[in-house]
Structure formats: structure tokens, C-alpha cells
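Here the structure comes first, spelled out in C-alpha cells, and everything after it is commentary.
The values are calculated or read from the model by the stated rules, or taken from the named source; none is laboratory data. Remember, it's a predicted structure, so these values are computed and weren't measured experimentally. Cβ coordinates were reconstructed from backbone atoms using ideal geometry, including for glycine residues, and neighbour counts include every protein chain displayed. Surface areas here come from the heavy atoms of the whole protein model, side chains and all, with no ligands, DNA or RNA. Shrake-Rupley method; radii C 1.70, N 1.55, O 1.52, S 1.80 Å.
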Amino acid sequence: MKRVIALLALGALISGIAQAADAPTNFQTHCASCHGADRLGGFGPALLPENLERLRKPEALRVIREGRIATQMQGFADRLSPEEIQALAAYVYTPVSPAPKWDEADTKASRIVHHAPGSLPNKPIFQADPKNLFVVVEAGDHHVSVLDGDKLEPIGRSATRFALHGGPKYSPDGRYVYFGSRDGWVSKYDLWNLTTVVEVRAGINARNVAVSNDGKWVMVGNYLPQNLVLLDADLNFVRAIPTMAAAGGKTSRVSAVYDAAPRSSFVVAMKDTPEIWELSYAKGAPVNVARTVLDDILDDFYFDDSYANVFGATRPDGNGVGKGQVVNLNQRAKVADLDVPGMPHLGSGIAFDWQGKRVMATPNLKEGLITLIDTQTWRTVGSVRTLGPGFFLRSHEKSRYAFTDAMMSPTAKDTLIAIDKQTLEIAGQLRPVPGKTFAHVEFTRDGRYALASLMENDGALIIFDAQTLHEVKRLPMSKPIGKYNVWNKITRSEGTSH
Ligand code: HEC
């Protein structure tokens, strides 16, 4: 009898394991309706390792077990065994082989027109200054809020695609804003009518979008497939450009695509090959690629005022140390090394005048340090010790102060500091909610107010007088990760990234 029970128990265990091992079947039964039979996403997000890069495995397990509150993602703990849930979590981090395709036909078929061009009113439906609006990306529940930058009040809130990636980009007149999402969706949003007008899926896993200075082109940088996708202003597919290395053979993921407005070109940072690409749109749709082939991979950039020189950081070496270098896009070659310790975050660099010099200042991902580099000589000319490794540095032409965070420091992630741009002294510390991540400043058009993010699900936008550093207002928001002022972006303010 004992033996029979033992055998039965063994049988149950074996069948449990057999079931748990069959994650693909469970996926088709329980998940495919929302996440797509091919895991490319549908009503729910894509579940591929590339797309889940920022989702930690324990969190994936928790989501499958318990669900996510206030979303359609329900927990499966009542229907699936812990082993089955474990197997499903492992399954979604397993690459699909061969890599899933996303081509011209897929892109064209995905396009959704919500409002045909010309069908919406040609002037704003609100009183606020359309050039002083802010778009606030709320990652907590995948929405954007639109703020009146004079009254500092929200005037609209809209749902977005899952997980916007890279900054939203404005059309040159500031009427439209383009969003790119993690899963490759590009959405064109009409700020004057506070609504999405057209969307298209340009890839499976995307990094960001750039909009040309003439407003005619939208370029999408993808991880999957490894390409660039060129769209027109109404998000019609124009062409896909595989990111084939100069040496041939292999393609690269795209780290980011930038609009180099004064050059009328898109500049592309590659993640896997030591190349910088430039595609000119001066004479119409970009076709030809001008390559700068380097010794090192540079995937995080700052452009100087002329946009002829790119300050790039190499990937950290074994000791976690990256190197900075200057690449001239006209000579298509490296022209100097930069002397920046730690790991500069050049993509967040800003420019200002200091002691008669034009300097760029960069935060550092590894050290509590801001480094000042003379943009003429490329020498390091100053530095500021901060509270800890930080991500963003922001200022405005009319502000005395530059603000930086210490997001990467467990003890100081809740504090922003204001640095006096002339004396390089720390003029103030802003720590509105102890223990809560506080970062990413953007100024109003006139530079009077600084808006910063309390990056929590029950977070807020906290607004400071940029002169007195006193808090003036708090607007509750759902994990507001970034905010973008129309004027500062379309005029390429020196105090913010573009
Ligand atoms: C009814 C639709 C639906 C079903 C069925 C469903 N999901 Fe989801 N799932 C979603 C939605 C919507 C989200 C996004 C939730 C949010 O906004 O954070 C999501 C999110 C997730 C995430 C987190 C993704 C990320 O990047 O944060 C994982 C992992 C996940 N689902 C796994 C599964 C698995 C495994 C199954 C099957 C056992 C499943 N889901 C079934 C709709 C669904």
C-alpha cells in the first residue's frame, strides 16, 4: 500500500514536471490571446528577451503569479503551479529562433489612422501658450500628461503604447509630438487637439525616434530587427535600412538615432559595431550612409554647438571605466581623447559659458562628479563633486543653476542639487521626499521654474522657483520619468538634451 502511494506521488510529481516543462503549450493556452502566439505582443506587451531587458526576472515571476494591479494582466497563481509559472518565466526570456521578422509588409499592415490628416481643427482647443506646453511621460500607467507651462496645470492626459522609450520628439512647429515605444510602436500625437492621430509599428524592439528639422521624416532606431526604419511625417513606411557593418557580415543594434538639425542629417549610434552613421536629408529622403569607422564602440553621444563634433563615450572596460573621445563628422575620424574619469553620461551633457569659455558639462554614471570640458580645446577645465553617481544634468539659458541628481546612489537618489554655473558651488539641495527617487529637471520656456520628477508609481511632478529654489507646486503623477518643454526642445536650448 505504502508503495502504491509512493508510486502515485511519484507519478503526480513526474506529470507535474512534464506539465511544467511544457511552457510553450501553457503560453498558447493562457497568454497568447494577449501577448501574441509569436510573443510579439498584441493587446499586451511583447514577451521576448530583448524587450524584457529592463524587467528583472523576480519581477516577471511576481507579475505572472500575482498580476499587475489596475491592468488587464491578472495573476495565474490560481490556475498554474509554481513550477509552471517558473517555466513560463524562463520561457519568455528564451530567444525565439530564428529571430522573428518585421518587414515592410508588417509595418504597413500595422498602421492605424485615428484621425485623417486635415480632419482636426487647425488651432489649439485650449487657451494655453502652445509653445510653452510640457509633455510628461508617466511610465507607471503608460500615459502622457500635457501641462500648461504658464499656469503649471495639466490640460490633458492620454494613454500611450506600453513603455515609451527615448524622449518624445516635436515637429519643428511644435504642434505634433512623436512617441516611440519599447515594442516598436511610433505614435504621432496632435498637441493642439490632445489626441493621437496615427500610429505604426516600425519594429519589434525599438530604442528611440528622431524627427528631421524640416518635419518631413521620422527615423526609428531598432534593436530587433537590427535596422533603421524611415517613415514620413504621417508615419507611412518609406524604407528600412539594415545596420550592416562596413566590413559586411554582421548587423548592429541601434543605440540611438539623433537629428543633427544644423547639418540636416540623422546621426546614428551603433551598439555593436564601432561606427557612427550619418544620413543626410538635405536633398530629400535620406538614402546614402556616410560612415565614420572607429576603433571603439561609441554608443552615447553629445553634439557640440556646431554639431560637427560628437563627444562619445566608449563602453566601460573590465574596471568599469569608459573613455571619452571626440569624433569629427566632417573628417569622419576621431580627433581627440577626452580626459573624463569614471563613466561619463555624455548623452546628458549641457553647454554654457564659463570664464570666457564655451564649456560642456557631463554627469557621471560611476562617480559623484560633473566634468567641464572646453569645447574649443577639448581639455577638462573644471569639475564639481556631487552627492553620488547621477544620470541627468539640466539647465536653461536664463538660469544661474544647473541641476543634477544622484539617481545611482542608494543614499542620495532622493536629492537634487543646484550647481551655480559660474562659481561651480553647490547652491542648494532639494530633497522633497526622503527615500524616493528624485531626478530629471526641465525648465519652463522662460527659465523661471524647474520641474522635477518624483519617480514613483504614486509620484509627482515637483515644481521649484529656479531662482529661490523654493517649492511652488506639486502635481501627483504616475511615475513621471521625463518631461519635455515644447519651446526648449524646438529651439534646442543649451540646457537640455535634444
Ligand atoms: C488579458 C490579457 C493578458 C493575458 C491573458 C496575459 N497577459 Fe501578461 N500582460 C498583459 C498586459 C496588458 C500587460 C501590461 C501590464 C502593465 O501595464 O504593466 C501584461 C504584462 C505582462 C508581463 C510584464 C511585461 C513587462 O515588460 O513589464 C509579463 C511578464 C506577462 N504579462 C506575462 C504573461 C504570461 C506568462 C501570461 C500567461 C500565463 C500572461 N501574461 C497573460 C495582458 C495579459
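If contacts are Cα pairs under 8 angstrom and at least 6 residues apart, what is the relative contact order of the stretch 331-447 in percent?
Value for the stretch 331-447: 18 percent.
Out of residues 5 or more away from ALA406 or on other chains, whose amide H comes under 5 Å of its own, with H placed 1.01 Å from N in the peptide plane?
Excluding prolines and chain starts, which carry no amide H, the hits are THR415.
If you average the sequence gap of Cα pairs under 8 Å that are 6 or more apart and divide by the length of the stretch 18-108, what percent do you get for the contact order?
That works out to 31 percent.
Take the alpha carbon atoms of the stretch 266-281, find their center, do the same for the stretch 362-379, and report the distance between the two centers in whole angstrom.
The distance from the Cα centre of the stretch 266-281 to that of the stretch 362-379 comes to 23 Å.
Under 8 Å for C-alpha pairs, at least 6 residues apart: give me the relative contact order for the chain, rounded to a whole percent.
9 percent
Which whole DSSP H helices in the chain pass both tests: a Cα extent of 27 Å or more along the axis and a mean Kyte-Doolittle value no lower than -1.0?
Length and hydropathy pass: 2-21.
Would you mind getting the accessible area per residue of the chain, heavy atoms of the protein chains only, 1.4 Å probe, in Å²?
43 Å²
What FRET efficiency comes out for ARG385 versus ILE112 if R0 is 60 angstrom and r is the Cβ-Cβ distance? Round to the nearest 0.05.
Computed FRET efficiency for ARG385 and ILE112: 0.75.
How much of LYS108 can a 1.4 Å solvent probe reach, expressed as accessible area in Å² and rounded to 10?
110 Å²
Once neighbouring chains are kept in place and the probe is 1.4 Å, which whole percent of the accessible area of the chain is contributed by carbon and sulfur?
53 percent
Rounded to whole Å and ordered largest first, report the semi-axes of the equivalent ellipsoid of the stretch 207-357 derived from its Cα gyration tensor (root of 5λ).
After diagonalising the Cα gyration tensor, the semi-axes are 25, 19, 13 Å.
From the phi angles alone, apply the Karplus equation (6.51, -1.76, 1.60; θ = phi - 60°) to the stretch 462-470 and give each ³J(HN,Hα) in whole Hz, x where the residue is Gly or Pro.
Result, ordered by residue: 10, 10, 10, 6, 6, 8, 8, 6, 7 Hz.
Looking only at the stretch 156-187, which residues have a backbone nitrogen under 18 Å from a spot 7 Å from the Cα of ARG54 in the C-beta direction?
Those under the cut-off are 159-169, 178-187.
Can you pull a Stokes-Einstein diffusion coefficient for the stretch 20-176 at 25 °C (0.890 mPa s), Rh from Kirkwood over Cα pairs, as a whole number of µm²/s?
For these conditions, the coefficient is 131 µm²/s.
Find how many whole Å separate the alpha carbon centroid of the stretch 32-48 from the alpha carbon centroid of the stretch 113-183.
26 Å
Determine which lysines satisfy two conditions relative to LYS216: a Cα distance under 21 Å, and not lying fewer than 8 residues away in the same chain.
Those lysines meeting the cut-off are LYS108, LYS123, LYS131, LYS169, LYS188, LYS283, LYS489.
Give me P(r) over the chain, computed from all C-alpha to C-alpha distances, binned every 10 Å, as integer percentages.
P(r) over the chain, rounded to whole percents: 4, 18, 27, 27, 15, 5, 2, 1, 0, 0.
Ordering LYS250, LYS479 from largest to smallest accessible area (1.4 angstrom probe), what's the sequence?
Highest to lowest solvent-accessible surface, that is LYS250, LYS479.
Starting from 0.36 nm per residue, how many nanometres of slack lie between SER306 and ASP353 once their C-alpha separation is accounted for?
Length difference between fully extended and current span is 15.4 nm.
Okay, helix-only estimate at 222 nm for the chain: each DSSP H run of n ≥ 4 adds -39500 (n - 2.57), divide by all residues, round to 500 deg cm²/dmol; what do you get?
Theoretical 222 nm ellipticity from helices: -3500 deg cm²/dmol.
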